[in-house]
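The values are calculated or read from the model by the stated rules, or taken from the named source; none is laboratory data. Values in this document were obtained by computation on a predicted structure and should not be read as measured data. FYI the Cβ positions are ideal-geometry reconstructions off the backbone, even for glycines, and counts take in every protein chain you see. These accessible areas exclude ligands, DNA and RNA; they are computed on the full protein's heavy atoms, side chains included. Shrake-Rupley method; radii C 1.70, N 1.55, O 1.52, S 1.80 Å.
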Amino acid sequence: RNGIIAILLLAALAVALLLEAFLLILSGMESLARRLMSELSGAARYVTSILPGDLDGPVPVTSCYVPSTELGGDSFDYRWIDDDHLVVYLVDVSGHGIAPAMFSVSVHNLLRSGTLSDDTLRDPSLVLTELNRLFQMDQQGGNYFTIWFGVYQRSTHTLRYAGAGHPPAIVLTADGSDPVRLPSEAVPVGVLENTAFETHSYRLPADTTLLIYSDGVYDLAPPDGQRWALDDFVDLCARTARSPQWTLDELVDQLRTRTESGHFDDDCTLVRLTVR
């Protein structure tokens, strides 16, 4: 009988030790999860802090950036490089997490640093060619990025633009006209070493909106199970633009209603340029 009791006590002790070890493992995993979430939140705050605010003046520009829970690789900028030329672009790095986000920040910082001359910045194809030379994916951990890069000349109302694998910019008017898409046909930056990029031109008349965005705005999974496509997003933008006082926040709120949880699986980024 004493032997049985001893065995039972040893078994109970073993179970207690195993349970303690299991709890320690869970505690460690919980601590690691909290640390990772803190790092992701910190990275998202940093990315947000370096992005531009709304731009007033003769050509108002507004933007909306909603990072996903996984943190994507979106970044953007818009600024006057002289009295007549306004640069606007949006970058979307492949993948999710801190590494793509920091890669996107590197591209963003290079474009703002003065490394490229103003003459180069006025020619979108030259900008993309230089970025493709500097950021080949085999030197960036396999990451590449899409980009839509435009230069608006105020004196002529002319937009010159080039893109690399990015969704087309959309031209919207308040008169109900069909939206015009300004596509980017080249492969993403970093994929092929000798990619040829082409600059296109489009005249933006008065009372026109140019909308640039990342694919996170339409890569949605609505509650009905029917995934969205680019055409669905363009139709929503056309309906929204019929209201003369529409805002990007209102557009994003409508996009949220088309997700199952109200959250985006990828970064949701929009930039709106208004020509008066």
Checklist line | Odd one out for Phe149 among (1) in contact with a helix residue (DSSP H, G or I) (Cβ under 7 Å, 6 or more places away or on another chain); (2) in a loop (DSSP other than H, G, I, E, B) | finding: (2)
Check: Within the stretch 175-196, restricting attention to residues that are touching a strand residue (DSSP E or B) at 6+ places or on another chain (Cβ under 8 Å), in a loop (DSSP other than H, G, I, E, B) and not acidic (Asp, Glu), which residue is surrounded by the fewest Cβ atoms within 10 Å (Cβ to Cβ)?
Finding: Ala196
Margin query: One residue is enough: does the stretch 217-240 have a residue meeting the conditions touching a residue at least 60 places away in the same chain (Cβ under 8 Å), crowded, with 16+ Cβ neighbours inside 10 Å, within 20 Å of Ser68 (Cα to Cα) and touching a strand residue (DSSP E or B) at 6+ places or on another chain (Cβ under 6 Å)?
Written below: no
Notebook entry, point to check: Can you tell me which residues in the stretch 202-218 are of a type in the set (Phe, Trp, Tyr) and assigned to a strand (DSSP E or B)?
Noted result: Tyr202, Tyr213
Next item on the list: For the stretch 147-171, name all the residues that are over 18 Å from the mean Cα position of the chain (by Cα) and either more than 18 Å from Leu121 (Cα to Cα) or open to solvent by 10 Å² or more (accessible area, probe 1.4 Å) (or both).
Entry: Gln153, Arg154, Ser155, Thr156, His157, Thr158, Arg160, Tyr161, Val171
Note to self: Among the residues of the stretch 123-145, are any more than 14 Å from the chain's Cα centre (by Cα) and within 13 Å of Ser75 (Cα to Cα)?
What the structure shows: no
Check: Got a number for residues in the stretch 241-251 being in a helix (DSSP H, G or I) and surrounded by 16 or more Cβ atoms within 10 Å (Cβ to Cβ)?
Finding: 2
Notebook entry, point to check: Which is out of contact with any His (no Cβ under 9 Å at 6 or more places or on another chain), under 20 Å from Gly53 (Cα atoms) and polar (S, T, N, Q), of Thr259, Thr195, Thr247?
Noted result: Thr247
Next item on the list: Give the residue, chosen from Pro183, Pro222, that is modelled with pLDDT under 90 and over 20 Å from Phe145 (Cα atoms).
Entry: Pro222
Check: Looking at Gly97, Gly114, which one is touching an Asp or Glu at 6+ places or on another chain (Cβ under 7 Å) and without any contact (Cβ under 8 Å) to a residue 60 or more places away in the chain?
Finding: Gly97
Checklist line | Condition met for Thr269 (in contact (Cβ under 8 Å) with a residue 60 or more places away in the chain, of a type in the set (S, T, N, Q) and open to solvent by 20 Å² or more (accessible area, probe 1.4 Å)) | finding: no
